[in-house]
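Following: one structure in structure tokens, then a few remarks.
Read-outs: derived from the displayed coordinates by stated rules, not from any lab. This one's a predicted model, so the numbers in the text were calculated from it and none came from an experiment. Here the Cβ is made from the backbone with ideal geometry for all residues, glycine too, and neighbour counts use every protein chain on show.
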Amino acid sequence: MAYRDDIENSLSGQLLVAMPGMKDARFERSVIYVCAHSPDGAMGLVINKSFEAISFPDLLEQLGIEGATPTDRIDVHFGGPVESSRGFVLHSPDYVRDATLIVDEDVALTATIDILRAIADGNGPRRCLLALGYAGWGPGQLDSEIMSNGWLNVDADDDLVFGDDLAHKWDHAMGKIGIDPAMLSDNAGHA
């Protein structure tokens with residue numbers, strides 16, 4: 001199992017909330033859970049947009065995974081535009097294997113077929129979010145986007161990360177910051 005580096009000012013384990021003026025349509029009103037953030041770049045998963053074209057049972061069938069599909073409905077999320085055919089499971093840390101990245105004490109990330117099998121068999125993590133693709137930034141790119149007023153960050157919590165109310169996650173994240181989106185400007189200020 002891998003542990004993230006504890007780097008001062010790291011946004012790992014935080015949520016990014018797209019500013020109302022986000023110019024990239026793929027990230028408009030997005031809430032992204034940051035899985036890794038270091039001087040080498042950043043990686044995260046969009047947690048409030050689902051793929052309507054594919055269901056969890058469809059995905060299992062495409063991967064040739066047989067098993068009892070869980071009774072709980074599992075959405076397949078749009079994790080981001082990078083490697084959109086690659087799957088990632090953001091989950092509670094009660095399921096940990098060698099390939100699992102422990103992001104913090106509440107969230108882990110696993111990107112193996114074994115976790116999909118475990119979920120299908122009812123032996124997976126207590127809470128999970130399945131995403132195809134991810135959001136990625138090169139060295140300094142995310143920091144630059146934040147400085148340019150592209151993103152706000154807020155502490156993650158279980159309900160925001162794993163909650164089913166995708167349509168309102170952006171509003172809830174903004175509310176957690178205590179900001180009325182109508183009062184925000186997409187222009188960065190300078191002293």
| Hz values of 3J(HN,Hα) by residue in segment 118-127 - Karplus curve (6.51, -1.76, 1.60), Gly and Pro given as x | 4, 5, 4, 8, x, 10, x, x, 4, 10
| query | Label-point separation (nm) for residue 50 and residue 176, each offset 7 Å from Cα along Cα-to-Cβ? | reply | 2.0 nm
| request: Compute the signed sum of charges (Lys and Arg +1, Asp and Glu -1) over the other residues within less than 13 Å, Cβ to Cβ, of residue 63. | output: -2
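Add -39500 (n - 2.57) for each DSSP H run of 4 or more in the chain, then divide by its residues: what number comes out at 222 nm, to the nearest 500 deg cm²/dmol? Can you show the working numbers first?
On the way: 5 runs with 36 residues, N = 191.
Result for the chain, helices only: -5000 deg cm²/dmol.
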| task | Using a 10 angstrom cutoff on alpha carbons, build the Gaussian network for the chain and name the most mobile of 87, 41, 133. | result | 41
| note | Taking a ≥ b ≥ c as the square roots of the eigenvalues of the Cα gyration tensor, with a/c under 1.5 meaning rounded and otherwise prolate when a/b exceeds b/c and oblate if not, segment 15-128 is oblate
| request: Mind checking the full-extension length gain between residue 10 and residue 63? Use 0.36 nm per residue of separation minus the Cα-Cα distance, one decimal, nm. | output: 15.6 nm
| message | How far apart, in nanometres, would the label points at residue 73 and residue 164 be if each is projected 7 angstrom from Cα along the Cα-to-Cβ direction? | response | 0.6 nm
| query | Using 0.36 nm per residue, how much length does the chain from residue 123 to residue 102 gain when fully extended, once their Cα-Cα distance is taken away? | reply | 5.7 nm
| field | Farthest positive-ward along segment 113-185 dipole, Cα basis, beta-carbon charges - from 151, 131, 162 | value | 131
| field | Where a label projected 7 Å from the Cα of residue 141 along Cα→Cβ would reach, residues of segment 74-88 with amide N under 12 Å | value | 81-83
| remark: Whole-Hz Karplus couplings 3J(HN,Hα) for segment 86-95, θ = phi - 60° and coefficients 6.51, -1.76, 1.60, Gly and Pro as x, run 8, x, 9, 10, 8, 8, 5, x, 7, 10
| request: Report the label-to-label distance for residue 84 and residue 149 in nanometres (one decimal), using points 7 Å from each Cα along the Cα→Cβ vector. | output: 3.0 nm
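Counting only DSSP beta bridges with both residues in the chain, what percent are antiparallel, rounded to the nearest 5?
Values: 29 of 34 bridges.
If we restrict to bridges inside the chain, about 85 percent are antiparallel.
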| task | Only loop residues by DSSP count here, and only those with at most 14 other Cβ atoms within 10 Å; note down the trypsin sites (Lys or Arg not before Pro) in segment 66-169 that meet that. | result | 73, 97, 126
